[in-house]
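First up is the structure itself, then whatever we jot down about it.
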């Protein structure tokens, strides 16, 4: 018996949701669940006979609405987890850098990775790291809203780069259909910070990003600050 691992995709916001479970105890976690795909996720959890223990967010998202509270309403024993730097009152656990959670025989370790937002947390599980929007495949998160800081993000990515080279990277988004990378690949090939780019050049590159605001930011951020509680009644 081993780790159940199911990467799931939401196509409108190109968001990856990750379901992981201990195949023996059937205790499970879900990372970055999306409102529009909550029925898919609930159906898979029930089909596999899992007990959802933690509903984990890498940060307060600006491009989609979370299904944290709807999932908690369905699986009442599950606990909502966000990093301590997030301005939310809806989390059951505000996790700090180095804190651990367990599901079955597996351990999750929180890794504070601010920069995209001030409350970003990555999660290390064995040979995998779930990086949210801090470190993307060949890129990184933008830093121009929600307390973002390119300077902080540089330090956060350097922190991630201390993980073993073979560690698999699973980001919260990919807009080109890629599903996984590794620490050594991003050290070598990441277009923002790979190949030994220094702090000043990284900050310059991030600050030169010319991106429009996410279409849902004015709806998603307030909704996610209450973990999606205000949309439960809307289905």
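The values are calculated or read from the model by the stated rules, or taken from the named source; none is laboratory data. No experiment lies behind these values; they were computed from the predicted model shown. Using ideal geometry, Cβ is built from the backbone for each residue, glycine included, and neighbour counts are taken over all protein chains shown.
Structure above, values below:
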| read-out | value |
| --- | --- |
| Test: residue in the range 174-194 that is assigned to a loop (DSSP other than H, G, I, E, B), closer than 28 Å to residue 89 by Cα and at pLDDT below 95 | no |
| Selected residue [farther than 21 Å from residue 12 by Cβ and assigned to a helix (DSSP H, G or I)] from 107, 73, 53, 38 | 73 |
| Among the candidates 20, 50, residue that is out of contact with any helix residue (DSSP H, G or I) (no Cβ under 9 Å at 6 or more places or on another chain), surrounded by 15 or more Cβ atoms within 10 Å (Cβ to Cβ), at pLDDT 95 or above and over 30 Å from residue 212 (Cβ atoms) | 20 |
| Positions within the range 130-147 being in a strand (DSSP E or B) and in contact with a helix residue (DSSP H, G or I) (Cβ under 7 Å, 6 or more places away or on another chain), in sequence order | 131, 135, 140 |
| Filtered residue count, the range 85-96, keeping only those that are closer than 14 Å to residue 119 by Cα and either in contact with a helix residue (DSSP H, G or I) (Cβ under 9 Å, 6 or more places away or on another chain) or at pLDDT below 95 (or both) | 6 |
| Count - residues of the range 81-97 that are crowded, with 22+ Cβ neighbours inside 10 Å and in contact with a strand residue (DSSP E or B) (Cβ under 7 Å, 6 or more places away or on another chain) | 4 |
| Number of positions in the range 1-17 that are under 14 Å from residue 51 (Cα atoms) and at pLDDT below 95 | 0 |
| Residue match in the range 153-166 (condition: closer than 26 Å to residue 5 by Cα, part of a strand (DSSP E or B) and at pLDDT 95 or above) | no |
| Any hit, the range 196-210, residues being surrounded by 15 or more Cβ atoms within 10 Å (Cβ to Cβ), more than 20 Å from the chain's Cα centre (by Cα) and part of a loop (DSSP other than H, G, I, E, B) | yes |
